[in-house]
Amino acid sequence: MERRKTVRRATAIGLSCLLLAACGNTSGGTKAATTSAPCAIVTKFGAAATSSATGDNPRAVVGAELNGDGKPDLVVADLEGNAVSVLLGNGDGTFRAAAEYRTSAVPVAITAVDLTGDGRAELLAPVPNAGAVAVFVATPSGAFEAAVEVRMGTGAYDALAADLTGDGAPDLISANSAANSIQVRPATC
């Protein structure tokens, strides 16, 4: 229990120092972080919020540049829709109508990462009930091909891609909650 308190306190101190550094205060220490208000970078949000429709019961969201226009786009894992929604950005905080891409079961998370080396982000959507990660390959227009589901074991609840084998190609990694494990699928080129 003492270790958890220490980790939480260290994390809070680290976050405070990060916020202070972002605001130009590099003097360090925690006193300034706990006695002064957060900087304008952290607290300045517009008064009016915009809203965009997604699929059923959106549960996770990630931002990425998907179609090469330099404007941020969003991808949402729709918990009850067995789909992910892609919202291409207009560049002003608003988005075009969502395009849905189906998964075989409930997607619980979403990751955007370039798997093919073409500069476009592919999508990884863990579907724990299927024991897989749905991989959506990007097309040049910002659309995606139909999902290819990669078996990753029981309860794949999160996924990412990183070159763990040193061959220059991203490997697929999942966190499998039902098995209390991670699984790595090396890339095959």
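The values are calculated or read from the model by the stated rules, or taken from the named source; none is laboratory data. Quick caveat, the model's predicted, so the values are computed rather than measured. Methodologically, a virtual Cβ is constructed for each residue, glycine included, from the backbone with ideal geometry; neighbour enumeration extends over all protein chains shown. What goes into the accessible areas is simple: the full protein's heavy atoms, side chains included, and nothing from ligands, DNA or RNA. Shrake-Rupley method; radii C 1.70, N 1.55, O 1.52, S 1.80 Å.
Can you list the strands (runs of 3 or more DSSP E) found entirely within the stretch 116-159 that contain at least 2 residues being under 13 Å from ILE173 (Cα atoms) and over 18 Å from the mean Cα position of the chain (by Cα)?
Numbers: elements: 122-127, 132-136, 148-151.
Because the criterion is at least 2 residues that are under 13 Å from ILE173 (Cα atoms) and over 18 Å from the mean Cα position of the chain (by Cα), the strands (runs of 3 or more DSSP E) in the stretch 116-159 that meet it are 148-151.
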With the structure loaded, tell me whether VAL61 is of a type in the set (A, V, I, L, M), open to solvent by 50 Å² or more (accessible area, probe 1.4 Å) and under 28 Å from ASP171 (Cα atoms) or whether it fails that test.
yes
Counting only residues that are in contact with a Pro (Cβ under 9 Å, 6 or more places away or on another chain) and open to solvent by 10 Å² or more (accessible area, probe 1.4 Å), the stretch 118-127 contains a total of 2
Tally up the residues in the stretch 96-113 that are open to solvent by 10 Å² or more (accessible area, probe 1.4 Å), in a loop (DSSP other than H, G, I, E, B) and in contact (Cβ under 8 Å) with a residue 12 or more places away in the chain, please.
9
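If you go through the stretch 136-159 one residue at a time, how many are crowded, with 21+ Cβ neighbours inside 10 Å and of a type in the set (A, V, I, L, M)?
Step one: of the stretch 136-159, the residues crowded, with 21+ Cβ neighbours inside 10 Å are 136, 138, 144, 147, 152, 156, 159.
Keeping just the survivors that are of a type in the set (A, V, I, L, M) gives 138, 147, 152, 156, 159.
Result for the stretch 136-159: 5.
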